[in-house]
Amino acid sequence: QVHLVESGGGLVRPGDSLRLSCAASERTLSQYTMAWFRQAPGNEREFVASIARTTDSPYYANSVRGRFTISRGDANMDLQMNSLKPEDTAVYYCAASMKPFNSQYPDVYSYWGQGTQVTVSS
């Protein structure tokens, strides 16, 4: 099974940018639909963005559309986050699914990284 490791989180001010990266243990990420989720303390895990296995079509949560951009290579998936807001503060997780279509539901994704902390604060 594929192993995923997130990096790139940190502490930034509102309006700043961060680029998160998810490194995979294999160079065949085209086999998977990939996604980013996030979870803030006391909240449910929330869908952020995904990129489909078969088409590379992106799908974004309404809260991040126009600010975040998802992309991937053979063994990595990135999330460019611009115009960050305090409500973006969360642990961000990358995930992989064998399903061919984008999905906002966590239970669709079989493989998860350990997460990276993003904090947006003045």
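The values are calculated or read from the model by the stated rules, or taken from the named source; none is laboratory data. On a predicted model such as this, the values are computed, not experimentally measured, just so you know. Cβ: placed from backbone, ideal geometry, glycine included. Neighbour counts: every protein chain shown. When the accessible area is computed, the model is the full protein with side chains, heavy atoms only, and any ligands, DNA or RNA have been set aside. Shrake-Rupley method; radii C 1.70, N 1.55, O 1.52, S 1.80 Å.
Tell me the residue from ALA90, ALA49 that is at pLDDT 95 or above, in contact with a Phe, Trp or Tyr (Cβ under 7 Å, 6 or more places away or on another chain) and closer than 18 Å to SER7 by Cβ, please. Give the steps one after another, and end with the answer.
On the way: ALA90 fails: in contact with a Phe, Trp or Tyr (Cβ under 7 Å, 6 or more places away or on another chain).
None of the other options fit; the residue is ALA49.
Take VAL64 and decide whether it is open to solvent by less than 40 Å² (accessible area, probe 1.4 Å) and under 18 Å from SER121 (Cα atoms). Show your work before the answer.
Working: open to solvent by less than 40 Å² (accessible area, probe 1.4 Å): yes; under 18 Å from SER121 (Cα atoms): yes.
Yes, satisfied.
Do we find a residue being modelled with pLDDT of 95 or more and surrounded by fewer than 17 Cβ atoms within 10 Å (Cβ to Cβ) anywhere in the stretch 26-35? It would help to see each step written out before you state the result.
To start, the set of residues in the stretch 26-35 that are modelled with pLDDT of 95 or more comprises 33-35.
Checking the rest, the ones that are also surrounded by fewer than 17 Cβ atoms within 10 Å (Cβ to Cβ) come to none.
No, the stretch 26-35 has no match at all.
Mind checking which residues of the stretch 82-107 are outside any loop (DSSP other than H, G, I, E, B) and closer than 14 Å to ALA49 by Cβ?
Narrowing the stretch 82-107 to residues outside any loop (DSSP other than H, G, I, E, B): 86-88, 90-97, 106-107.
Of everything in the stretch 82-107, those that are outside any loop (DSSP other than H, G, I, E, B) and closer than 14 Å to ALA49 by Cβ turn out to be ASP88, ALA90, TYR92, TYR93, CYS94, ALA95, ALA96, SER97, PRO106.
Take the residues in the stretch 1-37 that are part of a strand (DSSP E or B) and β-branched (Val, Ile, Thr); name whichever of them is farthest from ASP88 (Cα to Cα).
Within the stretch 1-37, the first condition is being part of a strand (DSSP E or B), and the residues that meet it are 4-7, 10-12, 18-24, 33-37.
Those still in the list that are β-branched (Val, Ile, Thr) too: 5, 12, 33.
On the way: VAL5: 20, VAL12: 11, THR33: 23 Å.
Restricting to residues being part of a strand (DSSP E or B) and β-branched (Val, Ile, Thr), the top hit is THR33.
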